[in-house]
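Accompanying notes for the structure given below.
The values are calculated or read from the model by the stated rules, or taken from the named source; none is laboratory data. Computed from a predicted model, the values in this text were never measured in an experiment. Glycine gets a Cβ as well: all are built from the backbone with ideal geometry, and neighbour counts include every protein chain shown.
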Amino acid sequence: ASPSASPSASPSASPSASPSAGLRPRPPARPARTFPAPTPLTTAHPSPATSRRASPTAGYRPTPLPPGALTTVLAAACAPFPSDLPGATTALCLLALRVPDLPRGAYWYDPAQHTLTTITTHLDAVTTGPLLPNTRLALRGAAAVLIPAGDPLSGAATFGDRWYRMQQLETGLRTHRATLAATALGLSARIHSDGANETTDEVLGLTGTPLRSLSFLAMGTPPTGGPLVTRPIPAPSTRR
């Protein structure tokens, strides 16, 4: 991607007014694709039919992911949260692998406008890049990959050590919420940290900017056989 069309984050911000405004990642300056509004989950807790979350170690069934399910997961991942720092210090990128009506490619998600901006339609560098065997296997059948991206360094001058910790907290929160939403929809998700690498950054147009990929969450339809790492999901507490 050309520098003018690449995602960006300002390397500095004025403490006097909205210190984090210049540090928030901004999408590429390109036309965006509007997606249907997500169907809100009735609860953050998975449905009774999915009382155990599954983390597939042997990949996914190559089943398309309905656009409505994808938008629900994206909206859940980017929901606001209480913080002593301004939120949205990370961006959310998407690899669409099997999503009807959405061409295979990399996208930047804008939660405020609920739009996807195309970064590239060439993903071979990611899927054939420096990945562990189980990550390669996951990408053969996964429907989508969510990639939080951020700038762990530039905010330190204004916010100190809290900035780096906030980047990591927000990344974990996004992947956790996305996983819960996917599970509630009968899908599976698994983090493949090796996917957050320089090759992925280049494909996402992050190379040469302060931003970098911070995690790599694959999701899709769980396999009908083979090993699964499963954990029971406790029922939500009714105590007040």
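Here are the numbers for the structure shown:
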| item | result |
| --- | --- |
| Residue in region 188-203 that is farthest from residue 163 (Cα to Cα), counting only those that are of a type in the set (A, V, I, L, M, F, W, C) and surrounded by fewer than 24 Cβ atoms within 10 Å (Cβ to Cβ) | 191 |
| Residue match in region 162-170 (condition: polar (S, T, N, Q) and not in a loop (DSSP other than H, G, I, E, B)) | yes |
| Matching residues in region 118-128 - criterion: being in contact (Cβ under 8 Å) with a residue 24 or more places away in the chain, out of contact with any Lys or Arg (no Cβ under 9 Å at 6 or more places or on another chain) and either of a type outside the set (A, V, I, L, M) or in a loop (DSSP other than H, G, I, E, B) (or both) | 120, 122 |
| Positions within region 59-74 being surrounded by fewer than 24 Cβ atoms within 10 Å (Cβ to Cβ) and farther than 13 Å from residue 182 by Cα, in sequence order | 59, 61, 62, 63, 64 |
| Failed condition for residue 176, given (1) without any contact (Cβ under 8 Å) to a residue 60 or more places away in the chain; (2) touching a strand residue (DSSP E or B) at 6+ places or on another chain (Cβ under 8 Å) | (2) |
| Checklist (1) more than 22 Å from residue 74 (Cα to Cα); (2) surrounded by fewer than 18 Cβ atoms within 10 Å (Cβ to Cβ); (3) not acidic (Asp, Glu) applied to residue 168, failing item | (1) |
| Which numbered condition residue 137 fails, given (1) at pLDDT 90 or above; (2) outside any helix (DSSP H, G or I) | (2) |
| Test: residue in region 204-212 that is surrounded by fewer than 16 Cβ atoms within 10 Å (Cβ to Cβ), over 26 Å from residue 66 (Cβ atoms) and touching a Phe, Trp or Tyr at 6+ places or on another chain (Cβ under 6 Å) | no |
| Residue tally, condition of a type in the set (A, V, I, L, M, F, W, C), over 17 Å from residue 105 (Cα atoms) and assigned to a loop (DSSP other than H, G, I, E, B), over region 174-214 | 4 |
| Any hit, region 139-161, residues being among the aromatic types (Phe, Trp, Tyr), farther than 21 Å from residue 59 by Cβ and within 16 Å of the chain's Cα centre (by Cα) | no |
